[in-house]
Each structure stands twice: as C-alpha cells, then as structure tokens.
C-alpha cells in the first residue's frame, strides 16, 4: 500500500454509494512492484477518454515506477487480473453502467469483481481540438494536449470521464496538485496499489460553475501583438508565457474547473455610456436615463459632476428601453450596474431607497459602502421590477445583477426570485481582502446572508486574489472557512477575480481555493496538512513558515498591496532575512530524504521569497512610486530593476508567480516612468 493512506475524498455529491454483498471486489493495479492491470478505452475513444487514460497512467507511473498499458477494447490481453475501463466502452454499455440523462462533468465509478469502470458522457463532435489560442471569443474550457483553453459561450464540454479519473487519483493514490508545473504535483510513492472495496457511485458536481479568471494569459497568447514588448521585458519571455499558460491550464483542469451547466453572464449590457443608438449616443438622446447629480443636473448639462455615472434606475422609460431595445427576449437579462459609485439623486430614485441606517448601525471600517446613502434596496427594487416584466415575455429568463461597492450591503426586507442571479463582489475596503479582522469577517457574512434572504441565487465573485503583488500575503483558515460558509448558505457558483497570483508565496491559500472549489465540504485543516505533506520531513517547518506570513498579513493590513508602490514599507528587508533563515533550515531537513523532490519544493519557496525581496527592494529605490530624477538614485533604481528582471528570466521555468499580471502589469501601471529604466541595460538581459 502507499506510504501514507490517502484520505477518502468525497469530491462530488454522492447520489448512490452501495457496497455489494456479493464476493469481495478488489481491483489490483500494481502488486509487489509489478503491473496487475491494463487500461482499456473504446476502440474509437473520445479525446477526453484518451487524455483521461493518459493522466491515469502518468500518475500511477510516478507513484509506482510502473507504466500501465493502454489498449483498445478489441485488443484486451488476457494476462492481466484487473482491467480499468475508461470512458464509454462497449463493455460498460453491455453491463448497463451508462446512465441515461447524464450531464456534463457527472461521472460513474463502479467495480465488478476485479475490474473498474470510470465513465461520463462523451460527445466526440464537441471535443474540439484547439490549435493556437486565436479564437475571438473563448469563454468555456476544452481539452487540447492537456491544456484547458476556451471556446464559444454556448458550449459545455463533457469532462465527466476525466473528472472520475482525478477522483480515483486523489482517493487511492493521494495525489495533490499544489501549483502549476511538474514540481507542484505530489504523488506519494508505493509498490502496491489497489482498490479494495466495491464501488457503485454516481457523482454530481456540488457547484455548477467553477471559474478562475485567467483571461489575461489567454489574451496575451491569442493576440501576440497585444503582448507589449514593454510588458514582456518585465514578465515572461514569449515561450515562457506559453509554458506558464499550459501549466496553469493543466492545473485548473486537474482541479476540475469549468461549467456543468450554462452559466449566467453578468456584464453590463446597456449602462456604460455612451451607448450608441441611432446615430447618437444614448446619453445624448436620453440624458434622463443617467444619474442626476446632487445639484440636480443630468448628463450633458453644464457643470455635471459625474464623469462615469450609473443610471436613473427608477425611471420606467429606462425599464421599457431595456426590455424593448436592449434585451432580445433570451434566457439572460443583464441588469448589472455600472462600475461606479455615482448614483442618481433624483427624487424618485431617492424615494426607492427605503429607511436609511442610523450612523451607529454603519461600521466604521465600511462606511464607504453605505454612502452617503444606502442604495442597495433601490437596486434590488429595480432588478425585481424589470425582471417581473421580462418574465411575462419569457418565464425562463434569468436576470443577472451585481452586489458591488455601494450595493454590497444587504438591502433589508425585499423578496426577489431565485431566477435573479447576483454576483457578490466585495470591493469596498477591508471586506475586500483576506485575512480580515473578525468584525469585518462577521459583517461580510451578514451581508451574504442578507442577500440570500431575499431569495435570489448567489454567486461569489471575490476580488481578494488581486491582492499581494509578489509578496507572501495570504490567508488559509479564514478564507477557507468563508468559502465553506458561502456553500452552506446558497452558493450556486463562483468566479474568482482573478488568478494573478504568486504561487511560491501564496501557495497554500491557492491550493485551498482549488480544493474547496470542487468540494466545499472538505476540511480546511486537512487541506493545510495535505499541502505541508508535499515537503516530506520539512512539512512542519514549512507550516511554521506560512503561518508566520499568514499572521503577518493580518497584522499588517497595508501589505494587501493592490498597487505595489508601498511594498518596501510593508515588507522591509529584515522580515525577509528572518524567514529566509527558516527556509534554509527547512531545506537542510528536506535534503535528508532520499527523494529529491522535497528539497526541490523548498527551493521553490525560497525562489518565491527571493523574488518578493527583489521586488520590494526595487520599489524601495523609487521616489514615492516615481523613477528618481537624480542621476545617482536613478542608477540605483535601474540596477535594482536589472537584477529583478534577470532573476525573473532565470526562474521563469519554475512558475513561482504570474509575472505578467501579478507583477509586470502592476509595475507598469503604478510606477511612473518605469520604461526609462530600461534605456541603458535592456540589451544586457538575455531574451529566451
């Protein structure tokens, strides 16, 4: 058996789990270091089944050193005791294992005596093979050479067979996928692998829509001209970017991201000015649709105070315009408000706000979300009003809305409909980031529960993965428990905005996100232990290392670092020195194990810490976020940047961080004059 018995991961909703009372089933896969099973696919397997079989063989070889044979069903050799049937085989059909009405991402695990069956629905016509990522509208995942890309918005890819294989790998091999890349795949070693109990299980994903926003990588590869050379020199080489994209896509696939049904879309469809009508903008044609400022002026009037207003949501003419001119009667009605805090001050909109909270009812840490008026009830009434009119035309339509900034606080007593889907999107202050103070955490939970009480369908779209720059800023326990809380209280799906992170400094937090994203009932403490175990004898030291940074993140809220320009203040040199010493000891401990992978993973953490140190040091050479004007300090900043860029190029194969957006894009957007620092040393940085 394996060195350490893996936990029993009930990854999906278990509709049926029956143990047969007949002869004891045992699927023997590897016995005493020798192959005991063969992997069987259909004679003409779907692409997803072929890849699933390859994934199974790949991980078993890493665990046991033995490479299982993959054969077509018509060529099954008689020499093996057990057979693993992967996908929709004829044998599975004859035995009646293929369920009717099976949906995408659902799968069956079943044993018969010495054989195992793993299968989900397959549709070869929809297993689209992507070449280069050049499609103009990628929104859903498909499989290509182990990479998870995107395709058209109406597509749902049938991945159940593959997801079933991942269930087997996690449950019986104890596989953990910690971060993108081969080093991030931990497979405990064993010379004996078997499934010793009968299986008869049908799995349905607990969460239908499971998404992390990594479109910035897709966009950079889809349109090579969009990968600005000025950004490239701070980030990945072009080949390095492609390698990182592939590794990230494979990692997300292994964590079973995707859509088990068609997800609602939440973008603003009508509100963002100027909406182009018949030759003029909507703002010019109907200024009464746009928010009135506090002085009573509308769009286009002299002195108008708003440059990016929201709409006059109480205006019945606006409702009619949305329903007759914008909405096409389809199954999605997008009512998301403009990304703005500039709301309407007209008398009718103000009357829609309902009773206002008393000053002592508004927590000091989130005053910006309320104000100066609480307007959530206004928007909830707007959504309800327009949806009810739309439902008369199409009872199947879903309205999509946003609880964001000034609409984040719960609205109070109003009854909505479960066909109104709301993205709960904290971006209001302390409630944006994890870790957060206990009072903020409690307030956030109250707002979620308040919106859930309206009867709407809840989607979680947090922004906390924007935070941290390249630094060791993270949360495991608190963010994990909040994730579980959302699931326990109505979560239908999630879209994490974004996946622009540093894997080597925030790894445990990201692993917990991925694992809970597939099964939100998992135990957070067990997930933490799973992560540490990948460091072998250094597990305890690595746990202490990350616990230090988690505590530091809570006590240094300025370390959130959406903008990097204060990184050197939040993370002074001394704090890096103390933790580098911790990792040095961890490396010595890990190196005592004959398996080199444990020490290599500690080196990965050390590279992440060094990258953070070099990033903070560079920021510290600037003049309050600007490139220094004086020659001496200018050259000091230039040298620090040169060393940072050289380090990134040398380590880009490790995938320690998303150099593109967690680092380079933020640096270019926030460091004034950064391009001037390349003028003299650019030729010294080797291109790869």
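For 79, 457, what's the fewest-to-most ordering of other Cβ within 10 Å of each Cβ?
Listed from fewest to most nearby Cβ atoms, that is 79, 457.
Once the Cα atoms of helix 376-393 and of the chain are each reduced to a long axis, what angle between those two axes, in degrees from 0 to 90 to the nearest 10, is obtained?
70 degrees
Whole Å is fine, so just give me how far the alpha carbon centre of region 468-494 lies from that of region 620-682.
Taking the Cα centre of each part, region 468-494 and region 620-682 sit 31 Å apart.
Which of the peptides 84-90, 332-338, 191-197 is most tightly packed, and how do the rest follow, going by the mean number of other Cβ atoms within 10 Å of each residue?
84-90, 332-338, 191-197
Among DSSP beta bridges whose residues both lie in the chain, state the antiparallel percentage, nearest 5.
Around 45 percent antiparallel, to the nearest 5.
In Å, what Kirkwood hydrodynamic radius results for region 34-102 from the alpha-carbon pair distances?
Over region 34-102, the inverse of the mean reciprocal pair distance is 12.6 Å.
What is the packing order of peptides 255-262, 367-374, taking the mean over residues of other C-beta atoms within 10 Å and listing the highest first?
Sorting 255-262, 367-374 by mean packing, highest first, produces 255-262, 367-374.
If one takes the longest principal axis of the Cα atoms in the chain, at what angle in degrees, from 0 to 90 and to the nearest 10, does the Cα axis of helix 573-590 lie?
Helix 573-590 sits at roughly 10 degrees to that axis.
Send over the per residue convex hull volume for region 446-497, Cα only, as a whole number of Å³.
With only Cα atoms used, region 446-497 gives 77 Å³ per residue.
If we sort 662-670, 385-393 on the protection proxy, mean other Cβ atoms within 10 Å, highest first, what's the order?
Going from most to least packed, we get 662-670, 385-393.
Percentage of Cα-Cα pair distances in region 583-688 greater than 16 Å, rounded to whole percent?
So the pairs more than 16 Å apart make up 62 percent of the total in region 583-688.
Between 0 and 90 degrees, rounded to the nearest ten: what's the tilt of helix 597-620 against the longest Cα principal axis of the chain?
20 degrees
Two-decimal Rg/Rh of region 466-624 from alpha-carbon positions, Kirkwood Rh?
That ratio equals 0.99.
Starting from the exponent 0.38 and prefactor 2.2 Å, build the expected Rg for the chain from its residue count and divide its actual Cα Rg by it.
Normalised Rg, Cα atoms only: 1.02.
Let me check against my output: what whole-number percent is the relative contact order of the chain, with C-alpha pairs under 8 Å and at least 6 apart?
For the chain, the relative contact order is 12 percent.
Where a number appears in this text, it was derived from the coordinates with a stated rule and is not lab data. Nothing here was measured: the structure is a model prediction, and the numbers come from that model. Because the Cβ atoms are built from the backbone with ideal geometry, glycine has one as well, and the counts that use them run over all protein chains shown.
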